[in-house]
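All remarks here apply to the structure that follows.
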Amino acid sequence: MVAAAALIAGAVNAVAGGGTLLSFPALLLLGFPALTANVTNTLGLLPGYAGGSVAYRAELRVQRERVRFLGPVSIAGAVVGAVLLTRTSNRVFGAVVPWLILLACALLLLQPLVTSRVTRHRPEQEQHRSPVLAAAQFLAGVYGAFFGAALGVVMLGVLGLFIRDDLQRINALKGVLSLIINVVAAVYFAFFGPVSWIAVLVMVPMSAVGGFIGVTVARRLHPVVLRTVVVVLGVAFALHELL
């Protein structure tokens, strides 16, 4: 069950984000405590983000400046999020996440309208250097390391508000920044988190394959379809947590 969930989760993360809503519950069903399931899931899905970034290398080649600017911001946020997770109670952990996801879904639905207003007077080469975007990406890094479910939803919404570009390129940028965030969190959890290494060994190869497959699917989707998939996954996860 964990292997199949990791395969599909890797593909979903590459397409839009939200794969954790499959793999995290699978670990819970196997009896893992919530914190153990969360940190194990972070390590297990890491290769899926790597596979997605490799498959998106053509779209990333022209975005090196964006990665150089937003990468360190993502690292800083991920460090804060990883530390916060190990110091947060299960009650708070479960209560906050659904509302963050619903906010991100609303942001993504409004993305086309808000993007046209935000980027109208900003030179294209400077869009990624916005201080507001840097602050938002820092918070995305905190969230991604803290839990990470539907991190792609959050970052597609944030990046889409400030960067005027094709949705596939933004999706590729989202993928590499997600990889950075999850690498930082995984390293921290490997030393300081309650990881189930047996589950990680099962999940790692399956999520890598799923990530590569997911990009192939994403390239064939119309931007409206891709955005709809992201929102549906995000809302489904939030409702699952609230009900």
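For segment 1-102, the set of trypsin sites (Lys or Arg not before Pro) satisfying both a DSSP loop assignment and a count of at most 10 other C-beta atoms within 10 Å is given as 87.
With a Förster radius of 35 Å applied to the beta-carbon distance between residue 197 and residue 236, the computed FRET efficiency rounds to 0.70.
Placing +1 on the Cβ of every Lys and Arg and -1 on the Cβ of every Asp and Glu, with nothing else charged, gives segment 130-228 a dipole about its Cα centre of roughly 240 debye. The HN-Hα couplings worked out from phi for segment 5-11 by the Karplus form 6.51 cos²θ - 1.76 cosθ + 1.60 (θ = phi - 60°) are 5, 5, 4, 5, 5, x, 5 Hz, whole numbers, x standing for Gly and Pro. Under a GNM of the chain (C-alpha, springs under 10 Å), which listed residue has the highest mean-square fluctuation: 188, 143, 56? In this elastic network of the chain, the residue with the biggest mean-square fluctuation among 188, 143, 56 is 188.
In the chain, if the dipole is taken from +1 on Lys/Arg beta carbons and -1 on Asp/Glu beta carbons about the Cα centre, which of 137, 2, 88 is farthest to the positive end? Selected residue: 137. In degrees from 0 to 90, rounded to the nearest 10, what is the angle of the helix 167-192 Cα long axis to the longest principal axis of the chain? Tilt relative to the chain: about 30 degrees. Against the main long axis of the alpha-carbon atoms of the chain, helix 223-242 sits at an angle near 40°. Per residue, the accessible area of the chain comes to 44 Å², computed with a 1.4 Å probe over protein heavy atoms only. For residue 86, the accessible surface of its heavy atoms amounts to roughly 50 Å² (probe 1.4 Å, protein chains only, rounded to the nearest 10). Atom-type composition of the exposed protein surface of the chain places 72 percent of the accessible area on carbon and sulfur (1.4 angstrom probe).
Using a simple spin-label model with pseudo-atoms 7 Å out from Cα toward Cβ, residue 64 and residue 228 lie 3.9 nm apart.
FRET efficiency for the pair residue 3 and residue 106, taken as 1/(1 + (r/R0)^6) with r the Cβ-Cβ distance and R0 = 45 Å, rounds to 0.85. Relative to the first principal axis of the alpha-carbon coordinates of the chain, what is the inclination of helix 197-219, with its axis defined by its Cα atoms, in degrees from 0 to 90 and to the nearest 10? Once rounded, one gets 30 degrees.
Calculated FRET efficiency, residue 92 to residue 135, Cβ-Cβ distance, R0 = 25 Å: about 0.65 to the nearest 0.05.
The values are calculated or read from the model by the stated rules, or taken from the named source; none is laboratory data. Just so it is clear, the structure is predicted and the values come from calculations on it, not from any experiment. Neighbour counts run over all protein chains shown; Cβ positions are idealised from the backbone, glycine included. With ligands, DNA and RNA removed, areas are computed over all heavy atoms of the protein, side chains included. Shrake-Rupley method; radii C 1.70, N 1.55, O 1.52, S 1.80 Å.
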